[in-house]
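The values are calculated or read from the model by the stated rules, or taken from the named source; none is laboratory data. Keep in mind it's a predicted model, so treat the numbers as computed, not measured. So basically every Cβ, Gly included, is an ideal-geometry build from the backbone, and we count neighbours across all protein chains shown. For the accessible areas, the whole protein counts, side chains as well, though only heavy atoms, and no ligand, DNA or RNA atoms are used. Shrake-Rupley method; radii C 1.70, N 1.55, O 1.52, S 1.80 Å.
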Amino acid sequence: MDQLHFETLAIHAGQQPDPATGAVMTPIYQTSTYVQDGVGDHKGYDYARTGNPTRTALQDCLAALENAAHGLCFSSGMAAIDTLLRLVKPGQHVLAANDVYGGTYRVFVRVLSEYGLHFDFVDMSNLDQVRAVIKPDTRLVWVETPTNPLLKIADLAAIAEIAHRAGAQLAVDNTFASPYLQQPIGLGADFVIHSTTKYIGGHSDVVGGAILTNDTAAYQQLKFLQNAVGAVPGPQDCFLALRGVKTLPLRMERHSANAQKIAEFLTDHPGVKRVLYPGLEDHPNHVVAKKQMRLYGGMISFLPIGDAATAKRIAEKTKLFALAESLGGVESLIELPAPMTHASVAGSPLEVDPTLIRLSVGIEHVDDLIEDLRQALATA
Ligand SMILES: *Cc1c(COP(=O)(O)O)cnc(C)c1O
């Protein structure tokens with residue numbers, strides 16, 4: 001199907017009408033086991049930790065959307081990340097971005113370090129730092145772009161080249177961009193990871209994760225680990241992600257258009273000190289973002305003029321923007337990273353400015369969203 005456009009793949013890849021009934025939507029195969037015609041003679045499925053047709057449809061659809069030959073789905077983004085990190089052996093080194101997702105930092109530093117993996121964290125938007133810290137025993141380079149919550153941009157093609165020259169592989173957590181806005185495999189990445197909880201699911205109603213790759217040997221190992229370790233998603237969750245991803249292109253267009261207008265509104269607002277959005281021309285990595293992204297996404301961070309109490313008042317005063325963690329759903333959310341999503345990194349190099357406010361811009365009418373921010377900033 002690789003000659004088809006993204007919008008078509010989002011709806012059809014990995015999915016055919018159900019052979020038994022003609023159902024247009026992939027059924028939720030809510031079963032733990034499958035009848036065998038003879039011993040070991042089955043239709044490709046024997047036990048549901050090992051395989052499930054609803055999961056297969058989602059895996060194949062997400063692989064197609066990331067231009068990957070192989071896809072594996074997991075019960076959460078963190079489960080996908082943990083499984084991928086099992087390719088790194090004790091004593092080996094992982095070079096990660098210094099503002100990775102807080103949960104990623106936590107599993108690297110507080111769980112996997114205990115098993116003999118070594119981690120360094122650098123600013124991936126600074127290629128000299130990447131070159132300086134990569135080592136002969138670096139197994140994996142771990143990048144997110146745009147980053148959370150500072151919306152920094154890393155040059156994926158350049159980092160892939162540095163990683164490969166050092167004999168390492170590149171893993172990109174593409175959760176913030178989604179495959180509609182950015183396809184890391186075409187830029188040289190070996191693995192793409194998603195928290196499907198965010199834009200892929202898109203409706204704040206499911207938790208899930210995925211790994212996509214063209215590396216067939218690594219895929220075989222990861223497929224073994226998916227079954228051996230067992231952090232698999234249930235069929236109902238796969239169905240929700242599969243339904244959500246069908247509208248990903250439409251949603252990302254609107255998320256990005258709304259976010260661009262809101263970033264411009266905030267830039268012009270006298271109560272705002274600084275706006276972080278890769279679609280703004282004054283963003284330090286705007287040129288790189290323009291080169292590797294189709295649009296700039298729905299995430300904005302900004303610093304209001306004032307202190308942490310000012311930021312708290314703004315976040316508590318919006319009415320349409322719900323005060324909540326997470327991101328990527330159709331509804332707009334507002335949060336303060338320091339005491340909320342990034343509380344677990346307080347005191348670490350990932351600690352964020354206590355006045356920083358993060359927006360996950362939804363797909364409501366942008367005028368309503370701007371009015372909501374205007375009244376919250378006015379009364380702050
Ligand atoms: C949410 C998120 C994760 C973790 O995913 P879960 O589905 O919550 O386990 C990983 N990376 C990024 C960038 C995320 O936003």
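Looking at the stretch 336-380, which of its residues are among the hydroxyl-bearing types (Ser, Thr, Tyr), loosely packed, with under 15 Cβ neighbours inside 10 Å and within 21 Å of residue 319 (Cβ to Cβ)? Reasoning before the result, please.
At the first step, the residues of the stretch 336-380 found to be among the hydroxyl-bearing types (Ser, Thr, Tyr) are 341, 344, 348, 355, 360, 379.
From what's left, loosely packed, with under 15 Cβ neighbours inside 10 Å: 344, 348, 379.
Residue satisfying the conditions is 379 alone.
When you scan the stretch 50-85, how many residues do you find that are charged (D, E, K, R) and more than 16 Å from the ligand (Cβ to nearest atom)?
Total satisfying the criteria: 1.
Inspect the stretch 130-146 for any residue being more than 18 Å from the chain's Cα centre (by Cα), closer than 27 Å to residue 352 by Cα and among the charged types (D, E, K, R) and give the result as yes or no.
Checking the stretch 130-146: at least one residue is more than 18 Å from the chain's Cα centre (by Cα), closer than 27 Å to residue 352 by Cα and among the charged types (D, E, K, R).
Can you say whether residue 42 is within 30 Å of residue 105 (Cβ to Cβ) and open to solvent by 20 Å² or more (accessible area, probe 1.4 Å), as far as the supplied structure shows?
no
Are there any pairs with C-beta distances below 9 angstrom linking a residue in the stretch 103-114 that is within 20 Å of residue 338 (Cα to Cα) to a residue that is charged (D, E, K, R), with the two at least 6 apart or on different chains, and if so which?
104/144; 104/173; 105/99; 107/82
At least 2 residues that are within 30 Å of residue 17 (Cα to Cα) in each: list the strands (runs of 3 or more DSSP E) lying fully within the stretch 36-136 that qualify.
Of the strands (runs of 3 or more DSSP E) lying wholly inside the stretch 36-136, those with at least 2 residues that are within 30 Å of residue 17 (Cα to Cα) span 70-74.
Restricting to the stretch 282-296, name every residue that is open to solvent by 30 Å² or more (accessible area, probe 1.4 Å) and not in a loop (DSSP other than H, G, I, E, B).
Across the stretch 282-296, the qualifying residues are 287, 288, 290, 291.
Give me the residue from the stretch 152-182 that is within 12 Å of the ligand (Cβ to nearest atom) and closer than 20 Å to residue 327 by Cα and, out of that set, nearest to the chain's Cα centre (by Cα). Walk me through it before giving the result.
Within the stretch 152-182, the subset within 12 Å of the ligand (Cβ to nearest atom) is 171-178.
When the remaining residues are screened for being closer than 20 Å to residue 327 by Cα, the result is 172-178.
Numbers: 172: 9, 173: 5, 174: 4, 175: 1, 176: 5, 177: 7, 178: 7 Å.
In this case the residue turns out to be 175.
Could you tell me which residue of the stretch 254-272 is surrounded by the fewest Cβ atoms within 10 Å (Cβ to Cβ), considering only residues that are without any contact (Cβ under 8 Å) to a residue 60 or more places away in the chain and not small (Gly, Ala, Ser)? Reasoning before the result, please.
The first filter runs over the stretch 254-272 and keeps only residues without any contact (Cβ under 8 Å) to a residue 60 or more places away in the chain, leaving 260, 263-264, 267-268, 270.
From what's left, not small (Gly, Ala, Ser): 260, 264, 267-268, 270.
Values: 260: 20, 264: 15, 267: 14, 268: 8, 270: 6.
Only one residue tops the list, namely 270.
Of all residues in the stretch 306-327 being among the hydrophobic types (A, V, I, L, M, F, W, C) and more than 21 Å from residue 197 (Cβ to Cβ), which is most open to solvent (accessible area, probe 1.4 Å)?
Taking the candidates together, the pick is 320.
Quick check on residue 327: is it of a type in the set (A, V, I, L, M, F, W, C), in contact with a strand residue (DSSP E or B) (Cβ under 9 Å, 6 or more places away or on another chain) and within 16 Å of the ligand (Cβ to nearest atom)?
Yes.
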